[in-house]
């Protein structure tokens, strides 16, 4: 029964996150890391990334068909993020360090989800520089591989704040960013022998997020208010993070 509840939660998470252009990695991690599931990092990390890949693949294809992906503008964010996500995936933290880092990351993610920054007029000069885009992507990419969080939840608010592009193009970049970094992080975990999951555990979860992600990608922000979604999710992630801290401090 607990596993069926978990699968249903993954379905809802995928539906909600896909509707706003994310993969749901932060919420998968928050849920899987709860003490009552007794799961280890070698199971939690690849599960979150695999679910990310399934969800954002559909969204990326939709954005590509809508010509919302401008490769000339997004490649600098990917140039360093992909190799550094690989390095982060290979880096094995001990159990205590992983859960503490995850909790802190989730708290930051919850704050970024909650706030609704006012866009600056025009694109911020800092993000017009090539090295700044590469550095930003690389830093988030490394964290993505290390914690298995995808990274779009950090990149997207920054791009909105600096008025980097219209909302749909930012969502398109976030989908691509999450997809390539999740794949790279998984490769790093495989190379670092940090994967331990059973097909009977992961397959039902992948099916759940596939269905939820497809529905969410098509709903978009037309029927679901993205601000309410993000703030409700922020509260849930914060509660989960505090629960993880309570158990591992």
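The values are calculated or read from the model by the stated rules, or taken from the named source; none is laboratory data. The shown structure was predicted, so the numbers you read here are calculated from the model rather than taken from an experiment. Every residue, glycine as well, gets a Cβ built from its backbone with ideal geometry; the counts of neighbours run over all protein chains shown.
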Please work out which residue is modelled with the lowest pLDDT, limiting yourself to the range 1-45 and to residues that are buried (at least 22 other Cβ atoms within 10 Å of the Cβ) and at positive phi. 21
Reported set for the range 1-52 where residues are outside any helix (DSSP H, G or I) and closer than 23 Å to residue 232 by Cα is 19, 20, 21, 22, 23, 24, 33, 34
Test residue 197 against the criterion of being part of a helix (DSSP H, G or I), more than 17 Å from the chain's Cα centre (by Cα) and surrounded by fewer than 24 Cβ atoms within 10 Å (Cβ to Cβ), and give yes or no. no
The condition of being in contact (Cβ under 8 Å) with a residue 40 or more places away in the chain, within 15 Å of residue 78 (Cβ to Cβ) and in contact with a helix residue (DSSP H, G or I) (Cβ under 8 Å, 6 or more places away or on another chain) holds, among 159, 205, 179, only for 179
Are any of the residues in the range 95-106 touching a helix residue (DSSP H, G or I) at 6+ places or on another chain (Cβ under 6 Å), buried (at least 16 other Cβ atoms within 10 Å of the Cβ) and not in a helix (DSSP H, G or I)? no
What's the total number of residues in the range 121-134 that are loosely packed, with under 14 Cβ neighbours inside 10 Å and either modelled with pLDDT of 85 or more or part of a loop (DSSP other than H, G, I, E, B) (or both)? 5
